[in-house]
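Remarks on the structure that follows.
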Amino acid sequence: MSQDSDYYEILGVIPAATPEVIRVAFNSLLKGFPKDTSPEDPVFQQVLQAYKVLSNSKRRATYDALMKKAAASLRVDVQASRLSLELSETEQLAYLLIDIHSKAQKLNPQTPLNLSLVIDRSTSMRGERLDKVKAAVNILMARLTADNLLSVVTFSDRAQLVIPADHVAYNIHVTAKINSIEASGGTEIYQGLSAGVEEIRQAPLSNYMNHLILLTDGRTYGDSDKCLQLAYAAAEQGINISAVGIGTDWNDEFLDKLVAPSSGHTAFIENPEDIINHLGKQIKGLGQVYAQNVRLSLDFPEDVTVETGFKLTPFAQPLTIEDRQINLGSIEGRAPLSFLLELKIAPQQRPNRINIPLNFLADIPSQEIKNDLVSAQVQFLALKDASAASPSPILIKAVRMLNMYRMSEKVQDDVEAGKTDEAAARMGHLSTRLLELGQAKLAHQAHTETVRLASMGSVSEEGRKRLKYGTRALLELIDWDSNKDE
Amino acid sequence: MNKCSECGATQPKGTMFCDECGNALLSNALLSRAPVQREAMPFSRGSRHSAPLPLAERKLSSDTPPRTVTFVVPGSRNHLKIELKEQAIIGRSDAHSDVACEIDLTEYGGLEMGVSRVHASLLLTDQGVCLCDLGSTNGTLLNNTSLAPKQAFLLHNGDEIHFGDLLVHIFFEA
């Protein structure tokens, strides 16, 4: 059976057509052929084949099941920085750029959202920050249709349920409730998080795309381990978490960990003006989720270890490498889920062939498919006369940008280890590299921090976050689509 | 192990960018195939180039002292530096070139980016350094404005020039 011919389309009927309709459609098609049509005519053969399958209820059921599977599956494309390895007594590196796409011809009606917004209302949120968050919630509610579920939770030292989980109904009462949110008190993220997760759990989870968005501008004390445990438990249940850090005082390391179990996104929003846009974009993406809980099983050969994983699309985010797998999050619509892996390969002293299986599992809610398996494979050859590597332009760009991000993270490691001179030197290098890329603003920030490191031995919190999230965002700037075919 | 040509750090084979200093450990030919997207540089001031210099003032002055001109190709560590005396041809050398060019853009991916063998020239005049497109196939842009061929335009420090698709920044030593 060829994959691109749909028997229903050939007969010109809908997939729900009754046997009677199919028979009538077939007969009228037959009449359309000239009398002298050869029985070998390919179009005639196609029509005949379609009818043969669809007119028999057993064959039709098998065909329907096959089509559903084919429509649901995903496609994996892999680019490697090199495929031949040198014989060497030392370790070598290789990079893989992997895209996972939906293969479906038509994207099925979207799964509705079950969304909980968990909003920090501690004293520091007072003023523009909270005002913009309220405006964003209002806009979101006006945009979301009634088949989606939404709850709004605020928290300071304790949580408060502003809007319980229910179908979105945007009206004057709801607006009044949102607008009455006032800032006061401390920041206990666990309070808000558990109330938000609880609201999401009110609905039958398998019918929805379950997502919690945490908006905060501060640090939580003493309850971070509880938060992380909750995030893992939620991810197990299919509840994804992402986070928005507003201003410069929030704990980026903690929020990155919090979103890791479901491979969610952490955003750094410096200017409250950007909150509305960011949330709008994020919810639009969530509304288009095609596959979720995508994960790569790490059944790699002994010689190969994953050093770093970094997601590039739908948003840039470092990946957490767990024991046996890497969680990759969701595929939004037609856009691929792309990520970069840095592999360390053990010394190869003899000619060798290393097969790396890439086995992905994913859930496709609109097709009610759990644990759909899609696989690809990469083969490295260790040879005496290895040919020179020729990575694709897009792979070079991705690795280059990733390198910037890692340099900014290493500066932080140096600072924490008390190696101020190394940190200053590295920050200086980063500034130069950013300037070479034409990133004048980031380069300037790096330069300012270099001077600060040299004179005061520290980096400003604001500068650190700007560089960390600024260099991450460089990966989002790459024009992925236009370069894929080069 | 590979050694970074810039900071000397040893890196495992297969490393593409130095872990320590960010230097590209790839060949220029590979790098030029992956040009980076750029934010406008602070010194690129849009279409800020002057009208072509009148013929009378375009005369090459042999008594003007030579100027050091540096070409910076974004994404490449190898800057091109020349002492400009009177005139220098910008282009790309290959087996079929009949004119030797002083500023050879081959190693920056000139062929792939559409640089002509004889693309443009730099002229040293008493007004300053001028750029003149020599009727190249893919044209020359100065600060994103296309240059009429065979006319000289005055250059400023930090100007952005596209030879075909190849972007170059030009700097003069003070």
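Since every read-out is calculated from the coordinates, none of them should be taken as a lab result. Keep in mind the model is a prediction, meaning the values are calculated, not measured. Every residue, glycine among them, receives a Cβ derived from its backbone with ideal geometry; neighbour counts consider all protein chains shown.
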> Taking N as the number of residues in the range A:7-72, what is its alpha-carbon radius of gyration divided by 2.2 N^0.38 Å?
Replying inline: 1.15
> What is the Cα convex hull volume of chain A when expressed per residue in Å³?
Replying inline: 197 Å³
> Given a Förster distance of 30 angstrom, what is the FRET efficiency for B:His96 paired with A:Leu477, based on the Cβ-Cβ distance and rounded to 0.05?
Replying inline: 0.20
>> Can you compute the equivalent ellipsoid semi-axes for the range B:61-110, i.e. the square root of 5 times each eigenvalue of the Cα gyration tensor, sorted largest first and rounded to whole Å?
In response: 22, 17, 5
> Per the protein assembly as shown: cysteines with no other Cys C-beta under 4.7 angstrom?
Replying inline: A:Cys227, B:Cys101, B:Cys130, B:Cys132
> How far, in degrees from 0 to 90, does helix A:57-72 lean away from the longest principal axis of the Cα atoms of chain A, to the nearest 10?
Replying inline: 30 degrees
>> If you build the convex hull over the alpha carbons only and average its shadow over all orientations, what do you get for the range B:55-172? Give it in nm² to one decimal.
In response: 6.9 nm²
>> 7 Å from Cα along Cα→Cβ at both B:Thr145 and A:Asp421: what's the point-to-point distance in nm?
In response: 5.1 nm
>> Test of understanding: what is the full-extension gain from B:Asn138 to B:Asp126, defined as 0.36 nm times their sequence separation minus their Cα-Cα distance?
In response: 1.4 nm
>> How compact is the range A:333-424 by the rule of thumb for globular proteins, expressed as Cα Rg over 2.2 N^0.38 Å?
In response: 1.58
> Efficiency by 1/(1 + (r/R0)^6): what FRET value for A:Asp157 and A:Glu322, r their Cβ-Cβ distance, R0 = 30 Å, to the nearest 0.05?
Replying inline: 0.35
>> Checking the a/c ratio against 1.5 first, then a/b against b/c, what shape does the Cα gyration tensor give for the range A:113-287?
In response: rounded
> Going by the alpha-carbon gyration tensor, a ≥ b ≥ c the square roots of its eigenvalues, is the range B:101-159 rounded (a/c under 1.5) or, if a/c is not under 1.5, prolate (a/b greater than b/c) versus oblate?
Replying inline: prolate
> What number, in nm² with one decimal, is the all-direction average of the projected area of the convex hull of the alpha-carbon atoms of the range A:336-486?
Replying inline: 13.3 nm²
>> Give me the one-decimal nm value for the distance between modelled label points at A:Ala17 and A:Asp77, 7 Å along each residue's Cα-to-Cβ direction.
In response: 3.4 nm
> What pairs in A:Lys397/A:Lys468; A:Lys226/A:Lys419; A:Lys441/B:Lys3 have C-alpha atoms more than 22 Å from each other?
Replying inline: A:Lys226/A:Lys419; A:Lys441/B:Lys3
>> Angle check, please: helix A:393-416 long axis (alpha carbons) against the longest principal axis of chain A (alpha carbons), in degrees 0 to 90, nearest 10.
In response: 30 degrees
>> Between 0 and 90 degrees, rounded to the nearest ten: what's the tilt of helix A:461-477 against the longest Cα principal axis of chain A?
In response: 20 degrees
>> At 7 Å along Cα-to-Cβ for each site, give me the label-to-label distance between A:Thr305 and A:Asp225 in nm.
In response: 2.7 nm
>> Restricting to Cα pairs below 8 Å that are 6+ residues apart, what does the relative contact order work out to for the range A:77-231? Please round to a whole percent.
In response: 28 percent
>> Can you give the FRET efficiency to the nearest 0.05 for A:Asn207 and A:Asn138, using r as the Cβ-Cβ distance and R₀ = 25 Å?
In response: 0.45
> Size of the dipole of chain A about the Cα centre, Lys and Arg at +1 and Asp and Glu at -1 on the beta carbon, nothing else charged, in debye to 20?
Replying inline: 1080 debye
